[in-house]
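Taken together, the values in this text are just the output of simple stated rules run on the coordinates, not laboratory data. What you see is a predicted model; the values in this text were computed from it and never measured. Heads up, the Cβs are rebuilt from the backbone with ideal geometry, glycines too, and the neighbour counts pull from every protein chain shown.
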Amino acid sequence: MRGSVETSLAELAARVRRRAEGHSGRFLLGIAGPPGAGKSTLARGIRDELNLAAGAAIADVAPMDGFHLTNAQLRAAGILDRKGEPETFDAAGYVALLRTLRDTTPGAPVPWPTYDRDIHEPVPGGVVFDHHTIVITEGNYLLLDDPAWAAVRPQLDEAWYLDVPRPIIEQRLLRRHIRGGRTPEAARSKVTHSDLRNAVLVESTRTRADLVLRKAGRGYRID
Ligand SMILES: Nc1ncnc2c1ncn2[C@@H]1O[C@H](COP(=O)(O)OP(=O)(O)O)[C@@H](O)[C@H]1O
Ligand SMILES: [Mg+2]
């Protein structure tokens with residue numbers, strides 16, 4: 001595509017390293033994008049490149065997915081069937097822990113929840129930040145501009161948006177739901193009635209990113 005630059009994972013990681021070096025305190029990179037875009041995969045890839053280049057664990061991933069409300073909480077609120085929509089996450093808790101990561105001197109442990117796709121529940125303290133100076137936080141709703149989520153963006157030193165064609169998302173999410181235990185019919189219904197609606201919402205936040213990436217060949221393209 002005209003005006004776009006192809007870049008490797010290593011080059012993207014080097015960009016993050018340069019920015020982080022000129023920054024005082026912990027550097028927070030956010031990766032937003034629709035469900036199934038490949039955010040978690042990209043975040044892990046950048047983390048691994050950073051740690052490899054540094055020869056030490058300087059970076060780790062802080063998934064927004066760790067702030068999924070528990071199934072018991074969703075059931076009590078009568079919104080279990082809407083799991084994955086913005087109001088099924090603890091957005092305030094997410095913002096508060098991003099702040100804590102910023103305000104805590106590296107070396108002091110900060111536990112961060114992850115999300116387990118086998119048991120479909122958040123896992124408290126699934127990852128623990130200590131000496132890490134780079135945090136890669138990733139999820140659907142980082143750039144949402146509504147009362148619950150708008151406080152996320154100011155916590156990010158840089159925000160990327162990972163874009164992906166709709167048919168690819170559909171295919172990936174179908175596979176993910178079937179792998180997660182749904183029948184093909186239930187998976188199709190979840191994609192149509194939930195994931196794709198969330199994707200449309202997330203797509204409206206793309207303009208709030210500093211950088212828009214798309215997968216291209218073995219690397220990514222910066223638009
Ligand atoms: N760059 C990529 N190339 C091919 N497949 C990918 C790529 N990134 C992610 N995937 C696949 O797409 C699916 C969704 O990726 P994931 O990182 O979990 O997305 P997200 O975190 O945005 O929901 C996974 O099955 C993953 O293996
Ligand atoms: Mg993910």
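In the chain the Cα-Cα distances spread across 5 Å bins starting at 0 as 1, 7, 14, 19, 20, 17, 12, 6, 3, 0, 0 percent of all pairs. Only helices reaching 15 angstrom along their own axis (Cα) with mean Kyte-Doolittle hydropathy no lower than -0.5 count here, and for the DSSP H runs of the chain these are 9-21, 39-54, 91-103.
Taking the charge dipole of the chain about its Cα centre, with +1 at Lys and Arg Cβ atoms and -1 at Asp and Glu Cβ atoms, the residue from ILE46, MET64, GLY217 reaching farthest to the positive side is GLY217.
For ASP146 and LEU9, FRET efficiency with R0 = 35 Å and r from the beta-carbon atoms, rounded to 0.05?
Values: r = 32 Å, r/R0 = 0.91.
Computed FRET efficiency for LEU9 and ASP146: 0.65.
Give me LEU196, LEU97 sorted ascending by neighbouring Cβ count inside 10 Å, so fewest comes first.
Working: LEU196 18, LEU97 21.
Ranking LEU196, LEU97 by Cβ neighbours within 10 Å, fewest first, gives LEU196, LEU97.
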